[in-house]
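First the structure, in the form of structure tokens, and then the observations on it.
The values are calculated or read from the model by the stated rules, or taken from the named source; none is laboratory data. Computed from a predicted model, the values in this text were never measured in an experiment. Glycine also receives a Cβ, built like all others from the backbone with ideal geometry; neighbour counts cover every protein chain displayed. Note: accessible area is taken over every heavy atom of the protein model, side chains too, but ligands, DNA and RNA are not part of it. Shrake-Rupley method; radii C 1.70, N 1.55, O 1.52, S 1.80 Å.
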Amino acid sequence: MAQISSIISQLRQIVGSENVLDSNEARIAYSYDATAMKPRLPLAAVRPDSAEQIAQIVTLANEESFPLIPRGSGTGLSGGALPSENSVVLLTNHWNRILEIDQENLTALVQPGVVTANLHQEVEKFGFLYPPDPGSSSICTIGGNVAENSGGLRGLKYGVTKNYVLGLEVVLPTGEVLHTGGKSVKDVAGYNLKDVLIGSEGTLGIFTKILLKLIPKPETHKTMVAFYSSMDDAAKTVSAIIAAKITPAMLEFLDNTTIRCVEDYAHLGLPVDAEAMLLIEVDGRKPVVEEDAILVGEICKRHNANAMKVAESEQESVRLKVARRSAFTSLARVKPTTIMEDVGVPRALLPKLIERINEIGKKNGVQIGNFGHAGDGNLHPNYLTNERDAAEFARAEKTVFEVEEAAIDLGGTITGEHGVGLYKKRLLEKMVGSPSIRMMQTLKQMMDPNNILNPGKVFDLKPKCEGALPRDREKIKKFEDVAWI
Ligand SMILES: Cc1cc2nc3c(=O)[nH]c(=O)nc-3n(C[C@H](O)[C@H](O)[C@H](O)COP(=O)(O)OP(=O)(O)OC[C@H]3O[C@@H](n4cnc5c(N)ncnc54)[C@H](O)[C@@H]3O)c2cc1C
């Protein structure tokens with residue numbers, strides 16, 4: 001039976017010694033992601049540089065029974081990249097080349113580690129837009145985006161990552177390399193495996209190449225912000241804009257706690273007594289944008305916006321968006337721990353959800369800052385807490401649970417874009433029902449018979465199992481044993 005040292009030396013033979021990171025420092029660096037969850041130490045992290053190397057690592061994992069955890073930039077907010085015990089973290093963020101921009105077919109072929117904002121910038125040089133725009137775009141990777149089916153600020157008009165994935169090269173948990181999709185705009189040959197793999201949270205395959213759809217960059221855009229003394233008025237504005245058959249590229253929302261924190265951090269001159277702020281951007285052809293912007297302004301005023309600002313230049317547009325883009329950073333300064341949540345409801349029920357969240361927060365004595373994608377009905381309540389204070393943290397976790405239940409009760413979802421991972425799996429069955437969970441488990445068991453790929457994420461397999469566990473291996477040190485040596 002192989003010992004850890006033997007596994008490490010076999011990994012070194014596959015990827016080279018310099019690409020196996022097994023020092024305590026490296027293991028600690030890959031023991032957590034952006035989720036407020038306890039870190040878990042992996043055995044090592046490896047940096048493969050081809051699909052063939054990944055296939056060899058996957059084969060080794062099956063033979064030696066250790067879990068593999070794919071990882072991009074580790075910005076995930078549901079614990080998807082958190083290691084399991086005795087696992088090896090498979091890094092892809094160094095694998096960051098844009099391989100092709102096809103101007104005739106409007107596609108980009110990329111490696112999984114390309115940072116989303118780098119792709120935005122690169123395709124814009126050719127007059128194209130890659131719309132998915134997570135708040136973390138300056139650091140997260142396309143591989144992580146596909147694995148989580150990430151959304152972002154432009155979701156309302158342009159959709160989410162799955163709407164832009166045309167093809168995938170994937171190393172399956174058995175070590176086979178699968179190609180699915182391609183540049184053909186229409187392709188209905190066989191089952192749609194691509195869409196099964198998108199959003200599979202690193203549990204069904206490791207993406208090694210990704211073919212993405214691009215669209216022509218809109219001719220122009222107009223950005224504006226509106227402030228309200230009532231949440232209800234802001235919510236009614238959102239519904240009225242949609243009812244007026246305008247689909248803004250962005251329709252984002254910040255509550256009073258978030259406005260205050262952003263102002264304290266970024267000094268943008270925001271009115272700190274406002275109960276709600278909307279950030280609205282319309283885009284498209286110039287005459288349409290001008291018309292839509294005027295109409296949106298009128299709708300805001302009709303619904304009692306008591307202050308408005310329309311950007312007169314690109315510089316000002318960027319500045320107005322800073323308030324939304326720095327929302328999480330600003331809230332995260334208030335307390336040692338911030339739990340960023342991600343619930344969604346049908347758009348018209350957003351005010352009801354916010355009301356419920358505030359009631360639950362008050363009952364449990366937890367401070368909450370809300371912001372999110374108002375146009376999508378996708379809200380990010382941020383629980384400001386302290387994980388070193390057990391009682392306070394327990395109250396925050398209770399609040400998370402109750403808010404997720406409230407979203408389900410309103411016919412919504414426990415996650416609009418951050419995924420289930422480890423953090424949200426406890427309520428998945430309640431939300432999707434047991435036939436759906438059984439179908440997912442069957443699919444996982446069929447594709448990954450030894451449960452080596454990101455085990456324990458999204459759902460547990462029965463009997464409950466954290467993945468392939470070492471059979472007769474030396475006991476490895478846990479995080480607590482080595483973390484602070
Ligand atoms: C401040 C902040 C703002 C955010 N804003 C948004 C937002 O607006 N919208 C949104 O949707 N998300 C948002 N996120 C969440 C997060 O950034 C996204 O989920 C992102 O897609 C994760 O990318 P990553 O490269 O960091 O992936 P990681 O966190 O490293 O991994 C995420 C998951 O993807 C899997 N994975 C990674 N790479 C691969 C691969 N090559 N093959 C197979 N599986 C892989 C991992 O196993 C894991 O399950 C935000 C996060 C932060 C911290």
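At-a-glance table
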item	result
The one condition in (1) touching a Gly at 6+ places or on another chain (Cβ under 9 Å); (2) more than 25 Å from residue 321 (Cβ to Cβ); (3) not acidic (Asp, Glu) that residue 156 fails to fulfil	(2)
Only listed residue being without any contact (Cβ under 8 Å) to a residue 40 or more places away in the chain, of a type outside the set (A, V, I, L, M, F, W, C) and open to solvent by 20 Å² or more (accessible area, probe 1.4 Å), chosen from 352, 335, 286, 301	301
Lone unmet requirement of (1) assigned to a helix (DSSP H, G or I); (2) in contact with a strand residue (DSSP E or B) (Cβ under 9 Å, 6 or more places away or on another chain); (3) open to solvent by 30 Å² or more (accessible area, probe 1.4 Å) for residue 363	(2)
Count of residues meeting criterion [farther than 13 Å from residue 322 by Cα and open to solvent by 20 Å² or more (accessible area, probe 1.4 Å)] in segment 265-282	4
Within segment 396-417, tally of residues that are closer than 14 Å to residue 363 by Cα, open to solvent by 20 Å² or more (accessible area, probe 1.4 Å) and out of contact with any helix residue (DSSP H, G or I) (no Cβ under 8 Å at 6 or more places or on another chain)	1
Test: residue 188 is away from the ligand (no atom under 16 Å from the Cβ), of a type in the set (A, V, I, L, M, F, W, C) and more than 28 Å from residue 372 (Cβ to Cβ)	yes
Some residue of segment 108-124 being without any contact (Cβ under 8 Å) to a residue 60 or more places away in the chain, away from the ligand (no atom under 14 Å from the Cβ) and surrounded by fewer than 21 Cβ atoms within 10 Å (Cβ to Cβ)	yes
Matching residues, segment 135-167, being closer than 12 Å to residue 117 by Cα, open to solvent by 20 Å² or more (accessible area, probe 1.4 Å) and near the ligand (Cβ under 6 Å from one of its atoms)	135, 136
Tally, over segment 41-56, of residues that are in a loop (DSSP other than H, G, I, E, B) and surrounded by fewer than 20 Cβ atoms within 10 Å (Cβ to Cβ)	3
Output for segment 182-217, where each listed residue is among the polar types (S, T, N, Q) and touching a Lys or Arg at 6+ places or on another chain (Cβ under 8 Å)	203
Pick from segment 241-256, criterion modelled with pLDDT of 95 or more and assigned to a helix (DSSP H, G or I), ranking: surrounded by the most Cβ atoms within 10 Å (Cβ to Cβ)	241
Failed criterion for residue 144 (all others in (1) within 27 Å of residue 447 (Cα to Cα); (2) in contact with a helix residue (DSSP H, G or I) (Cβ under 8 Å, 6 or more places away or on another chain) hold)	(2)
Evaluation of residue 377 against (1) touching a Pro at 6+ places or on another chain (Cβ under 8 Å); (2) more than 16 Å from the ligand (Cβ to nearest atom) (one fails), failing number	(2)
Candidate set from segment 62-74 (those that are surrounded by fewer than 24 Cβ atoms within 10 Å (Cβ to Cβ) and in contact with a helix residue (DSSP H, G or I) (Cβ under 8 Å, 6 or more places away or on another chain)); member that is nearest to residue 97 (Cα to Cα)	73
Boolean, residue 100 is open to solvent by 50 Å² or more (accessible area, probe 1.4 Å), away from the ligand (no atom under 11 Å from the Cβ), at negative phi and out of contact with any Ser or Thr (no Cβ under 8 Å at 6 or more places or on another chain)	no
Filter result (more than 12 Å from the ligand (Cβ to nearest atom), of a type outside the set (A, V, I, L, M, F, W, C) and over 14 Å from residue 447 (Cβ atoms)) within segment 168-185	179, 181, 182, 183, 184
Members of segment 75-84 that are in contact with a strand residue (DSSP E or B) (Cβ under 7 Å, 6 or more places away or on another chain) and open to solvent by 10 Å² or more (accessible area, probe 1.4 Å)	77, 81
Residue check, residue 59 more than 11 Å from the ligand (Cβ to nearest atom), open to solvent by 20 Å² or more (accessible area, probe 1.4 Å) and modelled with pLDDT of 95 or more	yes
Qualifying positions in segment 8-48 - among the hydroxyl-bearing types (Ser, Thr, Tyr) and in contact (Cβ under 8 Å) with a residue 40 or more places away in the chain	30, 31, 32, 35
Residue 236 vs. criteria over 26 Å from the mean Cα position of the chain (by Cα), surrounded by fewer than 24 Cβ atoms within 10 Å (Cβ to Cβ) and in a loop (DSSP other than H, G, I, E, B)	no
